[in-house]
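One structure is given below, encoded as structure tokens.
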Amino acid sequence: MTFQQRLILLVTGLVLLAVVVVTTTMAFTTRAALTERIEAEARLTAGLLARGAAQAGDLPREVDAMLSERLLSEATLTAHLVALAETAKLPPKAINDRLKQIAESGGPDEMWITDNRGRAYLHNVPGPDPVFGQDAKGGPRHGAYSGLLNRSPASLASEPAMESGRLMKFAGVAGVDKPRIVQVGADMRRLGDLLRKSGAEGAIDGLIATRAVEAAWLLDRDGRVLARGAVLANGAGGPLSDADTAAAKAAATAGDVTVRVSGDGLLALAPIRYAAANAGANAAAAGLPAVAAVRVPYSEPGAMLGRQLKIGGLVGVFVLALGVYLSIRFARDQMAPVERLSEAVKAVEAGRFNPLSLNEAADRDDEFGRLSRVFRRMAMEATAREETLDAQLVMRGAELETKSEKLAAAEQLIEEEQRAARDVQANLLPRQLPVGRDSQFFGTLVPGHAVSGDFYDVVELDERHSLLVAAGVSGGGVPAAFLMLMVRAAIRETARPGVGPAAILTGANERLCGESPFNGFATAFVAIYDRMAGTLVHAAAGHRGACRITAEGGVEFLSAAGGPALGIRRGAPYTEATVVLNQDETLFLCTDGVLQSVDGQREPFGEDRLAAALAHSRGMSARDRAEFVLRSVQAHAAEGAVAGDLVCLAVRRLLPVTEAVEAV
């Protein structure tokens with residue numbers, strides 16, 4: 001076999017081997033990665049279903065305990081109210097009328113107060129006076145409450161039961177001024193409907209609606225199916241096999257999620273852990289779910305492997321044909337002058353060298369032509385050039401390695417600074433916002449690619465006043481995080497009951513001008529919100545993006561009152577203004593990251609688009625409105641063009657102002 005033939009076979013074989021190895025490696029790597037992702041998603045989904053089922057089992061008990069506490073408190077208050085009313089010598093009719101008013105204004109649905117013989121002579125429900133006693137079969141209450149007459153026990157809460165077509169729960173206490181029974185009751189119909197919707201079947205329906213799984217089951221410790229759901233179009237809603245049922249029984253006592261192949265799918269089994277101490281031990285006896293099972297499609301890895309191998313085969317055939325053709329052309333073109341030189345060497349050895357025999361090779365404008373013209377000199381120059389190139393390569397490699405190390409160290413330092421800044425920023429956000437029936441609070445921060453130091457804060461000053469803050473600092477990284485920490489600390493130190501927003505900004509500005517080691521500044525919007533009266537006293541320090549949204553969708557910007565940004569000028573004056581949040585009106589706060597995010601034409605989101613988004617979100621809750629604005633900003637911004645962190649804080653007024661004031 002000639003050298004030319006060996007060269008063609010070598011090049012062709014290496015090309016084909018490279019294609020086969022790369023294709024096979026990529027195919028199996030892709031299949032393994034896809035299988036791992038499917039297993040991880042299956043474990044996560046099964047775990048989520050298990051936690052949802054556990055919460056659905058624990059929720060009724062916790063709700064019943066909370067409602068029992070509330071009813072006992074209301075019964076105690078009713079006992080004191082009746083005692084005071086009788087001390088004031090009010091007639092029974094007047095007391096009954098007052099009990100009806102309490103029930104109609106949001107108090108207990110039913111109230112029954114007896115004398116020392118158990119006759120309910122005071123009640124808000126029309127009808128005859130029932131007698132509470134051991135033999136009161138026709139009365140509206142159980143005989144167990146008769147023990148309250150002699151304070152044995154002093155209080156009692158019964159389990160929910162159907163009465164007159166309603167699901168009622170009752171609680172009672174002994175009289176505070178004389179032996180009597182004071183009993184109150186609440187209609188649990190709406191609460192029962194809510195518990196049914198949030199139960200195990202609701203969790204399965206929500207999971208199936210995502211189309212992320214083919215089927216889902218909840219089983220007890222004996223493998224009996226308590227609830228299930230499936231995507232009917234996939235035909236995956238059949239019963240579990242015997243092997244799958246046995247695996248589910250074993251998973252009920254396991255400590256972690258298990259995954260196994262089941263037919264054409266992947267079955268994930270997660271044990272359900274209940275929060276109540278006795279719920280898990282008695283799960284089988286109580287008929288509670290003990291195992292959550294989900295089945296996800298598992299045909300994608302095999303199909304992906306087949307597609308990859310087919311594509312690799314087609315590419316291999318094409319590359320092989322092209323390689324053979326190019327190898328033949330290359331070998332013929334490059335071997336012609338080599339053959340001439342070989343013949344010349346033989347001629348020199350034989351003493352028959354003819355210089356004219358190298359004319360064809362010497363006429364080539366490449367290495368072979370130069371080799372033919374100056375054979376010996378070329379060899380010496382090539383050796384010297386190779387040594388010089390090796391030395392230069394070593395030097396350049398050392399320089400490149402040094403620069404790479406410096407660059408890696410700088411990148412690591414930047415990453416550490418960004419991570420530290422994000423930790424500081426995350427720890428400054430309030431962990432829990434105020435809750436109540438008068439207002440809705442919701443705040444969120446979507447971190448940007450670089451930390452910009454934006455934050456929000458909600459501080460409860462007293463029982464009815466809350467401090468609302470939205471602020472952003474200049475710069476980024478660790479300096480911005482520390483400046484943000486100083487701004488938050490300065491505002492919190494100054495904020496206390498009776499101190500207005502203008503005074504808070506003045507104190508924060510003085511501290512920032514006198515103590516900040518950085519040359520940065522901060523913008524802030526500070527407001528004192530009276531949750532009872534609905535009044536909002538506010539002031540801004542160079543901050544934009546504060547709006548009041550009316551119930552009809554009108555948007556009013558609140559950035560007029562205030563002064564310059566914090567940390568710019570010592571002794572700067574700040575003013576404040578007052579607005580009233582009526583029912584269904586919302587206060588919306590954001591930082592410059594929302595307003596300055598630009599699209600592909602470098603046009604910022606701006607206040608006009610913000611006002612349009614807020615007006616379009618009419619009737620939404622505080623959370624939905626803030627998330628709608630964030631989605632609008634992200635849809636407007638081009639790839640990577642979000643201007644730092646996106647901070648939103650929304651407060652929605654739920655009650656009318658008059659109702660809140662009367663509730664005080």
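Among the residues of the range 461-472, what is the count of those that are assigned to a strand (DSSP E or B) and over 25 Å from the mean Cα position of the chain (by Cα)?
3
Condition (residue is in a strand (DSSP E or B) and of a type in the set (Lys, Arg)) applied to the range 642-653: is it met by at least one residue?
yes
For the range 41-62: of the residues being of a type outside the set (Gly, Ala, Ser) and open to solvent by less than 30 Å² (accessible area, probe 1.4 Å), which is modelled with the lowest pLDDT?
Asp58
Restricting the range 525-579 to residues that are aromatic (Phe, Trp, Tyr) and in contact with a helix residue (DSSP H, G or I) (Cβ under 9 Å, 6 or more places away or on another chain), which is surrounded by the most Cβ atoms within 10 Å (Cβ to Cβ)?
Among those that are aromatic (Phe, Trp, Tyr) and in contact with a helix residue (DSSP H, G or I) (Cβ under 9 Å, 6 or more places away or on another chain), it is Phe525.
Quick check: anything in the range 501-512 surrounded by fewer than 19 Cβ atoms within 10 Å (Cβ to Cβ) and under 28 Å from Arg653 (Cβ atoms)?
Checking the range 501-512: at least one residue is surrounded by fewer than 19 Cβ atoms within 10 Å (Cβ to Cβ) and under 28 Å from Arg653 (Cβ atoms).
With the condition kept exactly as written, say whether any residue in the range 620-631 is open to solvent by less than 30 Å² (accessible area, probe 1.4 Å), in contact with a helix residue (DSSP H, G or I) (Cβ under 6 Å, 6 or more places away or on another chain) and farther than 30 Å from Gly106 by Cβ.
yes
Please work out which one of (1) at pLDDT 75 or above; (2) more than 36 Å from the chain's Cα centre (by Cα); (3) not basic (Lys, Arg) is the condition Met26 fails and give its number.
(2) is the only condition that Met26 fails.
Scan Ile311, Ile328 and give me the residue that is crowded, with 16+ Cβ neighbours inside 10 Å, of a type in the set (Val, Ile, Thr), modelled with pLDDT of 70 or more and in a helix (DSSP H, G or I).
Ile328
Checking Val469 against (1) in contact with an Asp or Glu (Cβ under 7 Å, 6 or more places away or on another chain); (2) open to solvent by 40 Å² or more (accessible area, probe 1.4 Å): exactly one of these is not met. Which one?
Unmet for Val469, out of (1) in contact with an Asp or Glu (Cβ under 7 Å, 6 or more places away or on another chain); (2) open to solvent by 40 Å² or more (accessible area, probe 1.4 Å): (2).
Rundown of residues vs (1) touching a Lys or Arg at 6+ places or on another chain (Cβ under 7 Å); (2) modelled with pLDDT of 90 or more; (3) not in a loop (DSSP other than H, G, I, E, B), yes/no style:
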position	(1), (2), (3)
Glu552	no, yes, no
Glu556	yes, yes, yes
Ala560	no, no, no
Ile568	no, no, no
Gly571	no, no, no
Tyr574	no, yes, no
Gln583	yes, yes, no
Leu587	yes, yes, yes
Val594	no, no, yes
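Sort out for me the strands (runs of 3 or more DSSP E) sitting completely within the range 195-299 that have 1 or more residues that are modelled with pLDDT of 75 or more, in contact with an Asp or Glu (Cβ under 8 Å, 6 or more places away or on another chain) and open to solvent by less than 60 Å² (accessible area, probe 1.4 Å).
So the answer is 258-262, 265-271, 291-297.
Spot the failing condition for Lys93; the list is (1) open to solvent by 70 Å² or more (accessible area, probe 1.4 Å); (2) within 18 Å of Leu71 (Cα to Cα); (3) not hydroxyl-bearing (Ser, Thr, Tyr), and only one is missed.
(2)
Rundown of residues vs (1) in contact with a helix residue (DSSP H, G or I) (Cβ under 8 Å, 6 or more places away or on another chain); (2) surrounded by fewer than 11 Cβ atoms within 10 Å (Cβ to Cβ); (3) more than 30 Å from Met484 (Cβ to Cβ); (4) modelled with pLDDT under 75, yes/no style:
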site: Leu371; (1), (2), (3), (4): yes, no, yes, yes
site: Met378; (1), (2), (3), (4): yes, no, yes, yes
site: Glu381; (1), (2), (3), (4): no, no, yes, yes
site: Glu387; (1), (2), (3), (4): no, yes, yes, yes
site: Glu405; (1), (2), (3), (4): no, yes, yes, no
site: Leu433; (1), (2), (3), (4): no, no, no, no
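The values are calculated or read from the model by the stated rules, or taken from the named source; none is laboratory data. Owing to the predicted nature of the structure, the values given are computational and were not obtained by experimental measurement. Quick reminder, even Gly has a Cβ in these numbers, built from the backbone with ideal geometry, and neighbours come from all protein chains shown. Only protein heavy atoms, including side chains, enter the accessible area calculation; ligands, DNA and RNA are left aside. Shrake-Rupley method; radii C 1.70, N 1.55, O 1.52, S 1.80 Å.
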